[in-house]
Every structure is written in structure tokens, then in C-alpha cells.
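To start, the structure under review is shown below, and the notes come after it.
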Amino acid sequence: MAHQQNAPDTAQAARRTRFGTLPERIGLADMVEEKPATVPDPARDTYNSDEWLVRTCL
């Protein structure tokens, strides 16, 4: 069996132009998003451990 060289068809040429090169690398610094820390909200964290006693027992 002799190996024959086939001419590239249009689909193969289209794949080569679309996927012929790898995309450029993305650096690690471009993948990390930095945001400043938020200040804790004092009204959100007000928990009274005796509040449930007042609501249910009285």
C-alpha cells in the first residue's frame, strides 16, 4: 500500500485557520480580583442572648 498525499479540503483549511494557533496565555495577576475588605456593620451583629426568653416566656 502506497501512502497518498491528499490535497487539503475546504473544511480542513477552515479548521486550520480557526484552530491553528493557541490562545495567548493569561497571567496569574489577571485572574485574581482584589477587593477591599468591608467594615463590619454593628447593627447586623447585635444579638441579645436573652431576647428569646422575653419573647417566648412573657
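Per-residue answers, yes or no, for (1) part of a helix (DSSP H, G or I); (2) open to solvent by less than 100 Å² (accessible area, probe 1.4 Å); (3) β-branched (Val, Ile, Thr):
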{"residue": "Gln12", "(1), (2), (3)": "yes, yes, no"}
{"residue": "Arg16", "(1), (2), (3)": "yes, no, no"}
{"residue": "Ala29", "(1), (2), (3)": "yes, yes, no"}
{"residue": "Val39", "(1), (2), (3)": "no, no, yes"}
{"residue": "Ala43", "(1), (2), (3)": "no, yes, no"}
{"residue": "Tyr47", "(1), (2), (3)": "no, no, no"}
### Message
Six or more apart or on different chains, Cβ atoms under 8 Å: show the pairs whose first residue is in the range 20-31 and on the phi > 0 side of the Ramachandran plot and whose second is part of a loop (DSSP other than H, G, I, E, B) and among the charged types (D, E, K, R).
### Response
none
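The values are calculated or read from the model by the stated rules, or taken from the named source; none is laboratory data. Note that the structure is a prediction, hence the values are computed from the model and not measured. All Cβ positions, glycine included, derive from the backbone under ideal geometry; neighbour counts span all protein chains shown. Ligands, DNA and RNA are excluded from the accessible area calculation, which covers all protein heavy atoms including side chains. Shrake-Rupley method; radii C 1.70, N 1.55, O 1.52, S 1.80 Å.
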